[in-house]
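Take a look at the structure set out below.
The values are calculated or read from the model by the stated rules, or taken from the named source; none is laboratory data. Computed from a predicted structure; not experimentally measured. Positions of Cβ are generated from backbone atoms using ideal geometry, with glycine treated the same way; all protein chains shown enter the neighbour counts.
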Amino acid sequence: MSNTKDTILVVGAGGQLGSELTMELRKLYGDANVVASDIQTPKSEELRESGPFETLDVLDKNRLGELYSKYKFKQVYHLAAVLSATGEKNPKFAWKLNMDGLFHVLDAALEHKVEKVYWPSSIAVFGPNTPRENTPQHTVMDPNTVYGISKQAGERWCEYYFEKYGLDVRSLRYPGLIGYKALPGGGTTDYAVDIYHQALAQKTYECFLSENTYLPMMYMPDALKATLDLMHAPAEQVKVRSSYNLSAMSFSPKEITEAIQKHIPDFTISYKPDSRQQIADSWPKSIDDSAARQDWNWKPQFGLDEMTEDMLVNLKKMQE
Ligand code: AKB
(Lines give C-alpha, C1' and ligand atoms only; values in the text may rest on other atoms or scores of the structure.)
Protein backbone atom coordinates (compact mmCIF):
# COMPACT_ATOMS: atom_id res chain seq x y z
CA MET A 1 0.00 0.00 0.00
CA SER A 2 1.26 3.48 -0.81
CA ASN A 3 1.94 6.05 1.86
CA THR A 4 -1.34 7.72 2.82
CA LYS A 5 0.45 11.09 2.85
CA ASP A 6 1.21 10.83 -0.88
CA THR A 7 0.03 13.79 -2.90
CA ILE A 8 -1.86 12.74 -5.98
CA LEU A 9 -2.86 14.47 -9.22
CA VAL A 10 -5.94 13.39 -11.16
CA VAL A 11 -5.93 14.73 -14.72
CA GLY A 12 -9.42 14.72 -16.23
CA ALA A 13 -11.05 14.65 -12.78
CA GLY A 14 -14.36 16.02 -14.06
CA GLY A 15 -15.05 13.03 -16.34
CA GLN A 16 -17.16 9.93 -15.76
CA LEU A 17 -14.36 7.92 -14.14
CA GLY A 18 -12.39 10.89 -12.80
CA SER A 19 -15.19 12.32 -10.71
CA GLU A 20 -15.69 9.03 -8.86
CA LEU A 21 -12.04 8.01 -8.64
CA THR A 22 -11.03 11.40 -7.22
CA MET A 23 -13.56 11.01 -4.39
CA GLU A 24 -12.32 7.47 -3.63
CA LEU A 25 -8.72 8.68 -3.57
CA ARG A 26 -9.68 11.54 -1.24
CA LYS A 27 -11.26 9.01 1.15
CA LEU A 28 -8.04 6.99 1.15
CA TYR A 29 -5.37 9.68 1.08
CA GLY A 30 -7.13 12.69 2.63
CA ASP A 31 -9.07 15.43 0.83
CA ALA A 32 -6.21 17.93 0.79
CA ASN A 33 -3.75 15.44 -0.73
CA VAL A 34 -5.68 14.70 -3.91
CA VAL A 35 -5.59 17.49 -6.49
CA ALA A 36 -8.38 17.33 -9.05
CA SER A 37 -7.62 18.94 -12.40
CA ASP A 38 -9.60 19.37 -15.57
CA ILE A 39 -9.87 21.72 -18.53
CA GLN A 40 -13.31 22.78 -17.23
CA THR A 41 -14.53 23.37 -13.70
CA PRO A 42 -16.20 20.06 -12.68
CA LYS A 43 -20.01 19.94 -12.46
CA SER A 44 -19.92 17.96 -9.23
CA GLU A 45 -20.05 20.30 -6.23
CA GLU A 46 -18.75 17.49 -3.97
CA LEU A 47 -15.64 17.23 -6.14
CA ARG A 48 -15.07 21.00 -6.31
CA GLU A 49 -15.63 21.64 -2.63
CA SER A 50 -13.99 18.65 -0.97
CA GLY A 51 -10.38 19.29 -2.01
CA PRO A 52 -8.04 21.27 -4.25
CA PHE A 53 -8.98 21.88 -7.87
CA GLU A 54 -6.66 23.24 -10.58
CA THR A 55 -7.66 24.17 -14.12
CA LEU A 56 -5.43 22.21 -16.51
CA ASP A 57 -5.34 21.66 -20.25
CA VAL A 58 -3.05 18.63 -20.45
CA LEU A 59 -1.75 19.95 -23.80
CA ASP A 60 -0.23 22.85 -21.84
CA LYS A 61 3.07 21.27 -20.81
CA ASN A 62 4.26 24.33 -18.85
CA ARG A 63 1.15 24.49 -16.71
CA LEU A 64 1.46 20.76 -15.98
CA GLY A 65 5.10 21.32 -14.95
CA GLU A 66 4.02 24.18 -12.66
CA LEU A 67 1.53 21.88 -10.92
CA TYR A 68 4.12 19.12 -10.49
CA SER A 69 6.55 21.67 -8.97
CA LYS A 70 3.90 23.17 -6.71
CA TYR A 71 2.50 19.93 -5.23
CA LYS A 72 5.39 17.44 -5.63
CA PHE A 73 3.04 14.61 -6.63
CA LYS A 74 3.90 11.02 -5.74
CA GLN A 75 1.15 9.55 -7.93
CA VAL A 76 -0.57 10.77 -11.09
CA TYR A 77 -3.79 9.41 -12.61
CA HIS A 78 -4.03 10.64 -16.19
CA LEU A 79 -7.61 10.11 -17.32
CA ALA A 80 -8.16 12.88 -19.89
CA ALA A 81 -8.92 11.50 -23.37
CA VAL A 82 -11.15 11.86 -26.39
CA LEU A 83 -13.27 8.67 -26.54
CA SER A 84 -14.17 6.44 -29.48
CA ALA A 85 -17.22 8.11 -31.04
CA THR A 86 -16.07 11.72 -30.54
CA GLY A 87 -12.60 10.81 -31.79
CA GLU A 88 -13.98 9.86 -35.20
CA LYS A 89 -15.37 13.38 -35.65
CA ASN A 90 -11.95 14.97 -35.38
CA PRO A 91 -9.30 12.23 -35.63
CA LYS A 92 -6.24 14.51 -35.73
CA PHE A 93 -7.31 16.34 -32.60
CA ALA A 94 -8.11 13.06 -30.81
CA TRP A 95 -4.63 11.78 -31.68
CA LYS A 96 -3.03 15.01 -30.48
CA LEU A 97 -4.86 15.14 -27.18
CA ASN A 98 -4.53 11.43 -26.41
CA MET A 99 -0.84 11.13 -27.36
CA ASP A 100 0.61 14.52 -26.46
CA GLY A 101 -1.33 14.47 -23.19
CA LEU A 102 0.21 11.10 -22.32
CA PHE A 103 3.75 12.24 -23.22
CA HIS A 104 3.38 15.40 -21.16
CA VAL A 105 2.29 13.41 -18.11
CA LEU A 106 4.98 10.71 -18.52
CA ASP A 107 7.83 13.17 -19.18
CA ALA A 108 6.87 15.39 -16.25
CA ALA A 109 6.59 12.27 -14.08
CA LEU A 110 10.18 11.34 -14.95
CA GLU A 111 11.45 14.88 -14.46
CA HIS A 112 9.72 15.34 -11.11
CA LYS A 113 10.37 11.80 -9.84
CA VAL A 114 6.73 10.75 -9.54
CA GLU A 115 6.58 7.24 -8.06
CA LYS A 116 3.56 5.82 -9.89
CA VAL A 117 1.47 6.77 -12.91
CA TYR A 118 -1.94 5.36 -13.84
CA TRP A 119 -3.22 5.59 -17.41
CA PRO A 120 -6.36 3.86 -18.70
CA SER A 121 -6.43 1.85 -21.89
CA SER A 122 -9.57 0.31 -23.37
CA ILE A 123 -11.09 -2.65 -25.20
CA ALA A 124 -10.83 -0.27 -28.17
CA VAL A 125 -7.22 -1.46 -28.66
CA PHE A 126 -8.71 -4.55 -30.33
CA GLY A 127 -10.00 -4.63 -33.89
CA PRO A 128 -11.82 -6.63 -36.55
CA ASN A 129 -9.17 -9.39 -36.73
CA THR A 130 -8.96 -9.89 -32.96
CA PRO A 131 -10.68 -13.07 -31.66
CA ARG A 132 -13.98 -11.66 -30.38
CA GLU A 133 -14.93 -14.20 -27.72
CA ASN A 134 -12.81 -14.32 -24.57
CA THR A 135 -10.25 -12.03 -26.18
CA PRO A 136 -6.81 -13.01 -24.80
CA GLN A 137 -4.34 -10.64 -23.13
CA HIS A 138 -1.88 -11.07 -25.99
CA THR A 139 -3.48 -11.33 -29.41
CA VAL A 140 -3.97 -9.62 -32.78
CA MET A 141 -4.57 -5.91 -32.28
CA ASP A 142 -5.73 -3.92 -35.29
CA PRO A 143 -7.82 -1.05 -33.88
CA ASN A 144 -9.62 0.96 -36.52
CA THR A 145 -10.76 4.00 -34.52
CA VAL A 146 -8.35 6.83 -33.77
CA TYR A 147 -9.17 6.34 -30.08
CA GLY A 148 -8.20 2.66 -30.29
CA ILE A 149 -5.05 3.46 -32.25
CA SER A 150 -4.03 6.06 -29.65
CA LYS A 151 -4.71 3.64 -26.79
CA GLN A 152 -2.67 0.89 -28.44
CA ALA A 153 0.21 3.26 -29.14
CA GLY A 154 -0.12 4.59 -25.58
CA GLU A 155 0.19 1.07 -24.21
CA ARG A 156 3.41 0.54 -26.14
CA TRP A 157 4.78 3.85 -24.81
CA CYS A 158 3.83 3.04 -21.22
CA GLU A 159 5.71 -0.24 -21.46
CA TYR A 160 8.63 1.60 -23.10
CA TYR A 161 8.85 4.16 -20.27
CA PHE A 162 8.77 1.32 -17.76
CA GLU A 163 11.44 -0.76 -19.52
CA LYS A 164 13.78 2.03 -20.60
CA TYR A 165 13.37 4.63 -17.87
CA GLY A 166 12.06 2.59 -14.93
CA LEU A 167 8.86 4.65 -14.62
CA ASP A 168 6.22 2.67 -12.70
CA VAL A 169 3.28 3.09 -15.09
CA ARG A 170 0.22 0.88 -14.62
CA SER A 171 -2.78 0.46 -16.86
CA LEU A 172 -6.11 -1.36 -17.38
CA ARG A 173 -8.06 -1.99 -20.57
CA TYR A 174 -11.47 -0.85 -19.39
CA PRO A 175 -14.63 -2.21 -20.91
CA GLY A 176 -17.65 0.15 -21.08
CA LEU A 177 -18.05 1.76 -17.65
CA ILE A 178 -21.48 2.23 -16.11
CA GLY A 179 -22.23 4.44 -13.11
CA TYR A 180 -25.00 6.66 -11.79
CA LYS A 181 -22.95 9.57 -10.47
CA ALA A 182 -21.63 11.00 -13.74
CA LEU A 183 -22.41 10.69 -17.42
CA PRO A 184 -19.90 9.36 -19.93
CA GLY A 185 -19.08 11.49 -22.95
CA GLY A 186 -18.53 10.45 -26.53
CA GLY A 187 -18.11 6.68 -26.21
CA THR A 188 -19.65 3.71 -28.03
CA THR A 189 -20.69 2.02 -24.79
CA ASP A 190 -22.52 5.13 -23.49
CA TYR A 191 -25.93 3.65 -24.33
CA ALA A 192 -25.63 1.37 -21.31
CA VAL A 193 -25.67 4.43 -19.03
CA ASP A 194 -28.24 6.50 -20.98
CA ILE A 195 -30.70 3.60 -21.01
CA TYR A 196 -31.12 3.70 -17.20
CA HIS A 197 -31.73 7.46 -17.21
CA GLN A 198 -34.30 7.18 -20.00
CA ALA A 199 -35.96 4.12 -18.45
CA LEU A 200 -36.72 6.19 -15.35
CA ALA A 201 -37.47 9.47 -17.14
CA GLN A 202 -39.72 8.26 -19.98
CA LYS A 203 -39.91 4.46 -19.88
CA THR A 204 -38.62 4.22 -23.41
CA TYR A 205 -35.21 4.35 -25.08
CA GLU A 206 -33.97 4.58 -28.67
CA CYS A 207 -30.70 2.63 -28.83
CA PHE A 208 -27.91 3.53 -31.26
CA LEU A 209 -26.67 -0.10 -31.32
CA SER A 210 -28.62 -3.10 -32.63
CA GLU A 211 -30.32 -5.46 -30.20
CA ASN A 212 -27.80 -8.31 -30.26
CA THR A 213 -24.60 -6.27 -30.06
CA TYR A 214 -22.65 -7.81 -27.19
CA LEU A 215 -19.98 -5.68 -25.52
CA PRO A 216 -17.88 -6.09 -22.37
CA MET A 217 -19.09 -3.78 -19.58
CA MET A 218 -18.32 -3.04 -15.93
CA TYR A 219 -20.10 -1.34 -13.04
CA MET A 220 -18.22 1.64 -11.63
CA PRO A 221 -17.57 0.21 -8.11
CA ASP A 222 -15.73 -2.69 -9.77
CA ALA A 223 -13.77 -0.30 -12.02
CA LEU A 224 -12.73 1.80 -9.00
CA LYS A 225 -11.72 -1.30 -7.06
CA ALA A 226 -9.70 -2.69 -9.99
CA THR A 227 -7.90 0.63 -10.46
CA LEU A 228 -6.98 1.00 -6.79
CA ASP A 229 -6.06 -2.69 -6.40
CA LEU A 230 -3.71 -2.42 -9.38
CA MET A 231 -2.16 0.81 -8.08
CA HIS A 232 -1.70 -0.67 -4.60
CA ALA A 233 -0.24 -3.99 -5.77
CA PRO A 234 3.48 -4.49 -5.06
CA ALA A 235 5.45 -3.55 -8.20
CA GLU A 236 6.75 -7.09 -8.73
CA GLN A 237 3.15 -8.39 -9.01
CA VAL A 238 2.41 -6.01 -11.89
CA LYS A 239 3.79 -8.17 -14.66
CA VAL A 240 1.91 -6.66 -17.61
CA ARG A 241 3.33 -3.21 -18.29
CA SER A 242 1.33 -2.45 -21.41
CA SER A 243 -2.20 -2.78 -20.02
CA TYR A 244 -4.23 -5.54 -18.33
CA ASN A 245 -7.36 -7.06 -19.85
CA LEU A 246 -10.20 -6.50 -17.37
CA SER A 247 -13.63 -8.07 -17.42
CA ALA A 248 -16.84 -8.20 -15.39
CA MET A 249 -19.84 -8.87 -17.65
CA SER A 250 -20.98 -8.85 -21.28
CA PHE A 251 -24.48 -8.11 -22.48
CA SER A 252 -26.47 -6.85 -25.44
CA PRO A 253 -29.01 -3.98 -25.56
CA LYS A 254 -31.74 -6.66 -25.56
CA GLU A 255 -30.40 -8.22 -22.36
CA ILE A 256 -30.00 -4.94 -20.47
CA THR A 257 -33.57 -4.10 -21.49
CA GLU A 258 -34.80 -7.38 -20.00
CA ALA A 259 -32.87 -6.68 -16.80
CA ILE A 260 -34.50 -3.22 -16.53
CA GLN A 261 -37.95 -4.67 -17.28
CA LYS A 262 -37.68 -6.77 -14.10
CA HIS A 263 -38.03 -3.43 -12.25
CA ILE A 264 -39.95 -1.35 -14.81
CA PRO A 265 -42.18 -3.84 -16.68
CA ASP A 266 -43.57 -1.28 -19.16
CA PHE A 267 -40.12 -0.07 -20.27
CA THR A 268 -39.69 -0.34 -24.06
CA ILE A 269 -36.70 -0.05 -26.41
CA SER A 270 -36.37 0.65 -30.13
CA TYR A 271 -33.24 0.33 -32.24
CA LYS A 272 -31.73 2.87 -34.61
CA PRO A 273 -28.09 1.89 -35.16
CA ASP A 274 -25.79 4.73 -36.25
CA SER A 275 -22.04 5.03 -36.98
CA ARG A 276 -21.25 3.69 -33.50
CA GLN A 277 -22.53 0.26 -34.60
CA GLN A 278 -19.48 -0.19 -36.82
CA ILE A 279 -17.18 0.64 -33.91
CA ALA A 280 -18.99 -1.81 -31.61
CA ASP A 281 -18.78 -4.53 -34.29
CA SER A 282 -14.99 -4.21 -34.35
CA TRP A 283 -14.63 -4.71 -30.58
CA PRO A 284 -14.57 -7.92 -28.51
CA LYS A 285 -17.77 -9.44 -27.15
CA SER A 286 -16.05 -10.78 -24.05
CA ILE A 287 -12.61 -10.55 -22.48
CA ASP A 288 -10.23 -13.05 -20.87
CA ASP A 289 -8.79 -11.29 -17.82
CA SER A 290 -6.97 -14.26 -16.29
CA ALA A 291 -3.65 -12.35 -16.14
CA ALA A 292 -5.22 -9.70 -13.86
CA ARG A 293 -6.85 -12.44 -11.77
CA GLN A 294 -3.53 -14.28 -11.37
CA ASP A 295 -1.16 -11.34 -10.89
CA TRP A 296 -3.09 -9.16 -8.41
CA ASN A 297 -6.18 -11.20 -7.54
CA TRP A 298 -8.73 -9.30 -9.60
CA LYS A 299 -12.33 -10.46 -9.16
CA PRO A 300 -15.43 -8.46 -10.14
CA GLN A 301 -18.43 -8.20 -7.83
CA PHE A 302 -21.26 -6.95 -10.02
CA GLY A 303 -23.16 -8.75 -12.78
CA LEU A 304 -25.96 -7.31 -14.92
CA ASP A 305 -28.80 -7.90 -12.42
CA GLU A 306 -26.94 -6.58 -9.36
CA MET A 307 -25.80 -3.53 -11.33
CA THR A 308 -29.29 -2.83 -12.70
CA GLU A 309 -30.86 -2.91 -9.27
CA ASP A 310 -28.20 -0.62 -7.80
CA MET A 311 -28.33 1.82 -10.75
CA LEU A 312 -32.10 2.18 -10.59
CA VAL A 313 -32.23 2.56 -6.78
CA ASN A 314 -29.54 5.23 -6.82
CA LEU A 315 -30.80 7.14 -9.83
CA LYS A 316 -34.26 7.25 -8.25
CA LYS A 317 -32.76 8.59 -4.99
CA MET A 318 -30.92 11.30 -6.94
CA GLN A 319 -34.17 12.40 -8.59
CA GLU A 320 -35.97 12.77 -5.25
C1 AKB B 1 -15.86 4.10 -25.45
O2 AKB B 1 -16.95 3.56 -25.70
O3 AKB B 1 -15.22 4.79 -26.25
C4 AKB B 1 -15.25 3.85 -24.09
C5 AKB B 1 -14.34 2.68 -24.07
C6 AKB B 1 -14.87 1.32 -24.20
O7 AKB B 1 -13.17 2.85 -23.96
N8 AKB B 1 -16.29 3.68 -23.11
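The residues of the stretch 161-183 that are within 16 Å of the ligand (Cβ to nearest atom), assigned to a loop (DSSP other than H, G, I, E, B) and under 28 Å from Thr139 (Cα atoms), listed by number, are Ser171, Pro175.
The residue that is nearest to Thr135 (Cα to Cα), among those in the stretch 239-258 that are touching a Ser or Thr at 6+ places or on another chain (Cβ under 6 Å) and surrounded by fewer than 22 Cβ atoms within 10 Å (Cβ to Cβ), is Ser250.
With respect to Asp229, determine if the residue is part of a helix (DSSP H, G or I), within 15 Å of the ligand (Cβ to nearest atom) and surrounded by fewer than 21 Cβ atoms within 10 Å (Cβ to Cβ). For Asp229, the condition - part of a helix (DSSP H, G or I), within 15 Å of the ligand (Cβ to nearest atom) and surrounded by fewer than 21 Cβ atoms within 10 Å (Cβ to Cβ) - is not met. For the condition within 16 Å of the ligand (Cβ to nearest atom), farther than 20 Å from Lys89 by Cβ and in a loop (DSSP other than H, G, I, E, B), Thr188 does not qualify.
Residues in the stretch 185-207 that are in contact (Cβ under 8 Å) with a residue 40 or more places away in the chain and surrounded by fewer than 20 Cβ atoms within 10 Å (Cβ to Cβ): Gly185, Gly186, His197, Leu200, Lys203, Thr204, Glu206. Looking across the stretch 264-311 at every residue that is free of Cβ contacts under 8 Å to residues at least 12 places away in the same chain and farther than 30 Å from Val238 by Cα, the one that is farthest from the ligand (Cβ to nearest atom) is identified as Pro265. Among the criteria (1) among the acidic types (Asp, Glu); (2) in contact (Cβ under 8 Å) with a residue 40 or more places away in the chain; (3) within 13 Å of the ligand (Cβ to nearest atom), the one Glu115 does not fulfil is (3).
Where helices (runs of 4 or more DSSP H) sit wholly within the stretch 62-131, those with at least 1 residues that are among the aromatic types (Phe, Trp, Tyr), over 18 Å from the mean Cα position of the chain (by Cα) and within 24 Å of Tyr244 (Cβ to Cβ) occupy 101-111.
Just wondering, is there one or more residues in the stretch 74-93 that are of a type in the set (Asp, Glu) and either more than 24 Å from Ala153 (Cβ to Cβ) or at pLDDT below 95 (or both)? Scanning the stretch 74-93 turns up no residue that is of a type in the set (Asp, Glu) and either more than 24 Å from Ala153 (Cβ to Cβ) or at pLDDT below 95 (or both). The single condition among (1) in a loop (DSSP other than H, G, I, E, B); (2) among the β-branched types (Val, Ile, Thr); (3) more than 11 Å from the ligand (Cβ to nearest atom) that Ile149 does not satisfy is (1).
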